[in-house]
Amino acid sequence: MSESFRSGFATFVGRPNVGKSTLTNALAGEKVAITSDKPQTTRRAIRVIINRSAGQLVVVDTPGMHRPRTLLGERLNDLVQSNLAEVDVVCFCIPAAEKLGPGDRFINAQIEQFPKAKHVAIVTKTDSAPKEAIANQLLAVSRLRNWDLVIPVSGRSGDQVELLATELIKLLPESPPLYPVGTVTEESLEDRICELIREAALHRVVDELPHSIAVTIDDMIERDDGKLTEIYANIWIERDSQKGILIGHKGSRLGEIGSLARASIEPMIGHQVFLSLRVKVAKDWQKDPKQLGRLGF
């Protein structure tokens with residue numbers, strides 16, 4: 001292996017829904033982090049390993065930083081802070097078509113607390129912004145601080161994603177690989193399936209429901225010599241009144257969620273899936289320490 005091989009950690013931070021997970025998946029070349037147009041889709045620090053000939057980049061996709069209104073929100077912010085303290089590069093993601101606001105300046109101030117890390121500004125979603133807006137955003141971002149790198153990218157179209165991987169690896173310390181080459185993520189199969197079910201639910205629910213949804217798995221059983229996996233999962237909500245919204249008329253919405261989730265799960269595990277979904281209530285779980293613990297937070 002080359003003496004100049006580099007390995008290390010980079011984390012993506014930013015307001016909710018600025019394209020962090022889409023960019024993470026683009027770098028990985030496959031879907032690891034779920035995405036949706038709902039804020040605060042990401043709830044865990046997901047490590048994605050990007051292997052290149054020059055180095056190994058471990059991207060930590062974190063929840064969006066925000067001013068929390070629940071105990072869950074506080075724990076998500078704490079998760080972001082703990083990851084910032086451990087990485088080699090902090091990447092601040094800012095959409096090309098959205099003006100810098102108080103939330104961005106708040107996050108920029110948080111980055112100041114971690115001077116040992118390299119600081120990178122990524123202007124995201126360039127596929128949905130005119131060139132003039134991208135240029136103006138690059139200028140505005142450059143004025144925030146003296147960045148080690150400023151780069152515009154589109155995770156959706158793939159524009160400049162490979163260049164980003166190359167430049168981030170250059171900022172890492174010289175080191176052998178931190179993970180076996182070929183590893184894509186630390187996420188367990190069960191965790192990835194839970195997230196794919198939650199993603200399917202997010203695509204099918206109304207705006208007031210997303211933050212109330214969590215998913216757990218009761219059992220996974222392989223049948224027919226590994227040609228079929230039975231998955232028994234629960235979709236948790238906070239109030240009885242939300243149950244009908246998630247289930248839909250005669251179970252129609254829950255059926256759509258199941259179909260959408262299976263379409264994502266089956267390619268990942270490589271064979272047919274039987275998916276059983278039940279909707280359960282954990283009253284005000286976002287504010288309850290015991291409930292948060294049971295649901296994996």
Q: Report the residue count in the range 278-297 for those that are within 27 Å of Thr229 (Cβ to Cβ), crowded, with 18+ Cβ neighbours inside 10 Å and under 23 Å from the mean Cα position of the chain (by Cα).
A: 1
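Within the range 269-291, does at least one residue satisfy the condition of being of a type in the set (Ser, Thr, Tyr), out of contact with any strand residue (DSSP E or B) (no Cβ under 9 Å at 6 or more places or on another chain) and on the phi < 0 side of the Ramachandran plot?
No, because not a single residue in the range 269-291 is of a type in the set (Ser, Thr, Tyr), out of contact with any strand residue (DSSP E or B) (no Cβ under 9 Å at 6 or more places or on another chain) and on the phi < 0 side of the Ramachandran plot.
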Q. If we scan the range 242-253, do we find a residue that is within 23 Å of Asn25 (Cα to Cα), at pLDDT 90 or above and either surrounded by 15 or more Cβ atoms within 10 Å (Cβ to Cβ) or outside the structural domain of Glu30 (by TED's automatic domain parsing) (or both)?
A. no
Q: Need at least 1 residues that are modelled with pLDDT of 80 or more and not β-branched (Val, Ile, Thr) per element, so show me which helices (runs of 4 or more DSSP H) inside the range 1-117 make the cut, counting only ones lying wholly within it.
A: 20-28, 102-111
Q. Out of the residues in the range 118-175 that are acidic (Asp, Glu) and assigned to a helix (DSSP H, G or I), which is nearest to Thr24 (Cα to Cα)?
A. Glu162
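The values are calculated or read from the model by the stated rules, or taken from the named source; none is laboratory data. Remember, predicted model here, so these are calculated numbers, not experimental data. Note that we place each Cβ from the backbone using ideal geometry, even for glycine, and neighbour counts take in every protein chain shown.
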